[in-house]
Structures are given as structure tokens and as C-alpha cells.
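Worksheet: one structure, shown below.
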Amino acid sequence: HAWYGKSTPDERGLNACVRLKSGLKNLSAERVRQETLKLLAAPQAVKTCKAMATAGILRIILPHTDEWRVFGRLPDDAILRLFVLAKDVTELKDRLRLSNAIAARLEAMQVASELSPALTDLERRRMMFQIGADKWRDAAWLSFARSRANRRNAAWLELIAMPEKWTPPQLPVKGSDILEHGIAAGPQVGQTLAALEDWWVASDFRPTRADLLARIS
């Protein structure tokens, strides 16, 4: 942790860490998690992690990839960086005693769709409605980091910033509305609601509550 914020890891400190690296195995998973997340959020995380990898320290903490280019294009977000750094994301919850929320975020990144500035506005809104703003933001950053686009590419920056410009709306009708319109309680209520939502989304969220209720039959 003495390296945080430095332009390069201190050579004397690095040598000391190499000598003492076996002691990492004796630390609690909670302590390792705490220090690892601090490190990954630090401004010089890429240089420090690369030095730790070269010195054989990083592999004691977790089996890691060498995707340093992708890692270095991400913001100072410890969880995004952890996802790219870890060779096996599925083992991280137990290895680092991660919270359920962090583990769920990592799992969502594993199945995240590849995003691109080529998506139309409608496609972007549909996708964000389906996955939510937080998952969109993670997917956008990962897609950008893996791309070859310039760091200041306006199209990518616009894609990443979409959650700040558009908030996914809520479907204006509920199951109770379906029941009030004569549909008997049971599976048909959910099916009707799903069909209304599909139409509403395909119509770019424009239909009003009245429009949706008028379609119930």
C-alpha cells in the first residue's frame, strides 16, 4: 500500500515486498480484499500491478491476466479493473470474501453485451431499459476499453455517458390494471403485461397509459 499514488513503485519498497511476499498467504481474505480494492482504485494501479506481476506478488493474491492495455483504459473503478485483471472471475467471491453486491456486479459483466457507438438511439434505449443504467455503464466502459478507439473519442464518451442523459422509464401499467380490465388472475395476466411492454418498448416508449390500456382484450 506504500505505492499508492506514486508514479512508479519504489524499488526499495518493491524489493522488501518480494522478500515478504510469502506472508500474504497468512493474511485474512478480508484484509487482502481491502488492500486489493484500494490498490485497484489508485491512480497508478496499472504500473503497480504490472510491477507486482513481474515480481511474482500478484499471482499470490489472484490468478491474473495480462490485459494491461484494457486495464489502463478503464476509469479508477476497482471493480471494473478487478474484472479485467482476474483470470477466473467466478472464484473471486470466495477468494476475496466479496459482498453479494460486488459478486453480482462481476457476474453481470461476464454476460454483458458488447456495446458500440454504431447502435442506433432506439437500440441504446431498448438495451438500457432491459439491463438498467448501472449495467449499461459497466458494459460501455468494458467495450470501450477493449476497442481501439482514442481515449477522447466523442462517440464512445457519449455512449458511456448515456445514463446521465436518459433515464429508463417505468411501464405505465401494472398487473392490477390488467385484472381491472377483465383478465382473470393467473398466467394470462403476466403474459398480457409482457406483450404490452414489448409493444411499448418497440414503440420507443411513446405509448401512454391510455394507449396501453386500450390494447387490453
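Scanning the range 106-115 for residues that are surrounded by fewer than 16 Cβ atoms within 10 Å (Cβ to Cβ) and assigned to a loop (DSSP other than H, G, I, E, B), we see that the one that is modelled with the lowest pLDDT is Ser113.
Residues in the range 182-214 that are more than 30 Å from Arg137 (Cβ to Cβ) and surrounded by 15 or more Cβ atoms within 10 Å (Cβ to Cβ): 5 in all. Of all residues in the range 118-129, those satisfying the criterion of being in contact (Cβ under 8 Å) with a residue 40 or more places away in the chain and either more than 16 Å from Ser143 (Cα to Cα) or open to solvent by 40 Å² or more (accessible area, probe 1.4 Å) (or both) are Leu122, Arg125, Arg126, Phe129.
Screening the range 159-181 for residues that are touching a residue at least 12 places away in the same chain (Cβ under 8 Å) and more than 27 Å from the chain's Cα centre (by Cα) and picking the one that is most open to solvent (accessible area, probe 1.4 Å) gives Lys174.
The values are calculated or read from the model by the stated rules, or taken from the named source; none is laboratory data. Just so we're clear, the structure is a prediction, and the values are computed from it rather than from any experiment. All Cβ positions, glycine included, derive from the backbone under ideal geometry; neighbour counts span all protein chains shown. The protein model used for the area step is the full one, side chains on, heavy atoms only, and it has no ligands, DNA or RNA in it. Shrake-Rupley method; radii C 1.70, N 1.55, O 1.52, S 1.80 Å.
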